[in-house]
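Read through the structure below, which is laid out as structure tokens, and then see the notes.
The values are calculated or read from the model by the stated rules, or taken from the named source; none is laboratory data. Everything numeric here is computed off the predicted structure, so don't read it as measured data. Ideal geometry is used to build each Cβ from the backbone, glycine not excepted, and the neighbour counts take in all protein chains shown. The area values use the complete protein model at the heavy-atom level, side chains included, leaving out ligands, DNA and RNA. Shrake-Rupley method; radii C 1.70, N 1.55, O 1.52, S 1.80 Å.
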Amino acid sequence: MNMIVAVDKNWAIGLNNKLLVSIPADMKFFRETTTGNVVVMGRKTLESFPGGQPLKKRTNIVLSRDKDYQVKDAIVVHSQEELLKELENYDSSQIYIIGGASVYEMMLPYCDTVHVTKIDHAYEADAYFPNLDEKPEWTVTADSEEQTYFDLEYVFRKYEKKKA
């Protein structure tokens, strides 16, 4: 299973249910990586999308504690157990966890690859991703050249869980 996330230098991912910054190359990478695959997100992440609509050309699975919550063109699950059971229906290499913070944290133990857009800037934030650089079981297996968007520098980095 995979995760895909954009983080700042403090591993922050959001503020007030919004991304910290929108970098076109990062958006393109996200689109190209997840299209045709399964994306898993929390309800607030879904609601942060344009019109609160599921992502097109992907199987959208939304986690919400609200038993009455329904979304057109998405599968809604209500617990970690229910989510894991639903994910058994898909090839794990085609599953991408896309946020938010609590969903990332809950699903990290089940993932073996994390695609991180690492932005060299510190933002004000209220949501964070676990710092993989501090977790000995994770190692960087790919790193892009440094990219620039206006005055922001960032890299695309791939982390993989070390095989036990």
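Taking segment 99-129 as the region of interest, how many residues are open to solvent by less than 20 Å² (accessible area, probe 1.4 Å), within 26 Å of LYS57 (Cα to Cα) and aliphatic (A, V, I, L, M)? Within segment 99-129, residues that are open to solvent by less than 20 Å² (accessible area, probe 1.4 Å), within 26 Å of LYS57 (Cα to Cα) and aliphatic (A, V, I, L, M) number 5.
Restricting attention to segment 2-48, which residues are of a type in the set (A, V, I, L, M, F, W, C) and at positive phi? Walk me through it before giving the result.
Residues of segment 2-48 that are of a type in the set (A, V, I, L, M, F, W, C), as a first pass: 3-7, 11-13, 15, 19-21, 23, 25, 27, 29-30, 38-41, 46.
If the condition is that a residue be of a type in the set (A, V, I, L, M, F, W, C) and at positive phi, then TRP11 is the only one that fits.
Could you tell me how many of the residues in segment 60-77 are over 21 Å from GLU105 (Cα atoms) and in contact with a strand residue (DSSP E or B) (Cβ under 9 Å, 6 or more places away or on another chain)? Steps first, please.
At the first step, the residues of segment 60-77 found to be over 21 Å from GLU105 (Cα atoms) are 67-74.
Subset that is in contact with a strand residue (DSSP E or B) (Cβ under 9 Å, 6 or more places away or on another chain): 69-71, 73-74.
The total comes to 5.
Could you tell me which of the residues ALA127, ALA142 is touching a Gly at 6+ places or on another chain (Cβ under 7 Å) and not hydroxyl-bearing (Ser, Thr, Tyr)? Talk me through it step by step, then tell me what you get.
Values: ALA142 fails: touching a Gly at 6+ places or on another chain (Cβ under 7 Å).
Matching residue, one of ALA127, ALA142: ALA127.
All conditions but one from (1) assigned to a helix (DSSP H, G or I); (2) farther than 24 Å from GLY36 by Cα apply to SER93; the one that does not is (2). Does segment 68-81 hold any residues that are assigned to a helix (DSSP H, G or I) and exposed (fewer than 13 other Cβ atoms within 10 Å of the Cβ), and which are they? Selection gives GLU81 alone.
A quick yes/no check of all residues on (1) farther than 24 Å from ILE23 by Cβ; (2) without any contact (Cβ under 8 Å) to a residue 60 or more places away in the chain; (3) of a type outside the set (Lys, Arg):
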{"residue": "ILE98", "(1), (2), (3)": "no, no, yes"}
{"residue": "THR113", "(1), (2), (3)": "no, no, yes"}
{"residue": "ILE119", "(1), (2), (3)": "no, no, yes"}
{"residue": "LYS135", "(1), (2), (3)": "yes, yes, no"}
{"residue": "ASP143", "(1), (2), (3)": "no, yes, yes"}
{"residue": "GLN147", "(1), (2), (3)": "no, no, yes"}
{"residue": "LEU152", "(1), (2), (3)": "no, no, yes"}
{"residue": "TYR159", "(1), (2), (3)": "no, yes, yes"}
